[in-house]
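Q: The structure's right below; bear with me while I get my questions together.
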Amino acid sequence: EMYKRGYKFAKVDLYKSDDSKFLLTEDGILPPLSALQGVGANAAASIKAEREKKEFISIEDIVKRAKVSKTVIEVMEKHGCLKKLDKTNQISIFNV
């Protein structure tokens, strides 16, 4: 029914999604970080607070700065929120 009325959902985004509120965007309704099953309110708020300080450089950086669990990272990876991030802070000179 949602699609018949012209509504659509965007994917949760590490940098654009709020921690607890749904947002209206050009791509559709943007769910909050906490909408992902396994990402609690505290983890979502911590991620939002840290991303506002500066951009994350890796998944390891998210874990260290936002102090989130492995489960939160797995859920976000599965949903595609972390696909542009390296796993660790180490940068290889052989990466292309």
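The values are calculated or read from the model by the stated rules, or taken from the named source; none is laboratory data. Since the model is a prediction, treat every value here as computed from it, not as a measurement. Every residue, glycine among them, receives a Cβ derived from its backbone with ideal geometry; neighbour counts consider all protein chains shown. For the accessible areas, the whole protein counts, side chains as well, though only heavy atoms, and no ligand, DNA or RNA atoms are used. Shrake-Rupley method; radii C 1.70, N 1.55, O 1.52, S 1.80 Å.
Q: What number of residues within region 39-86 satisfy the criterion of being without any contact (Cβ under 8 Å) to a residue 12 or more places away in the chain and among the acidic types (Asp, Glu)?
A: So the count comes out to 1.
Q: Any chance region 33-46 includes a residue that's surrounded by fewer than 13 Cβ atoms within 10 Å (Cβ to Cβ), touching a helix residue (DSSP H, G or I) at 6+ places or on another chain (Cβ under 8 Å) and under 25 Å from Tyr3 (Cβ atoms)?
A: Yes: one or more hits.
Q: Still on this structure, I have one more. From the set of residues in region 20-32 that are open to solvent by 70 Å² or more (accessible area, probe 1.4 Å) and at pLDDT 95 or above, which is nearest to Ile62 (Cα to Cα)?
A: It comes out as Ser20.
Q: Select from region 53-76 the residues that are open to solvent by 40 Å² or more (accessible area, probe 1.4 Å) and more than 14 Å from Asp13 (Cβ to Cβ) and list them in ascending order.
A: Those that are open to solvent by 40 Å² or more (accessible area, probe 1.4 Å) and more than 14 Å from Asp13 (Cβ to Cβ): Lys53, Lys54, Ile57, Glu60, Val63, Lys64, Arg65, Lys67, Ser69, Lys70, Thr71, Glu74.
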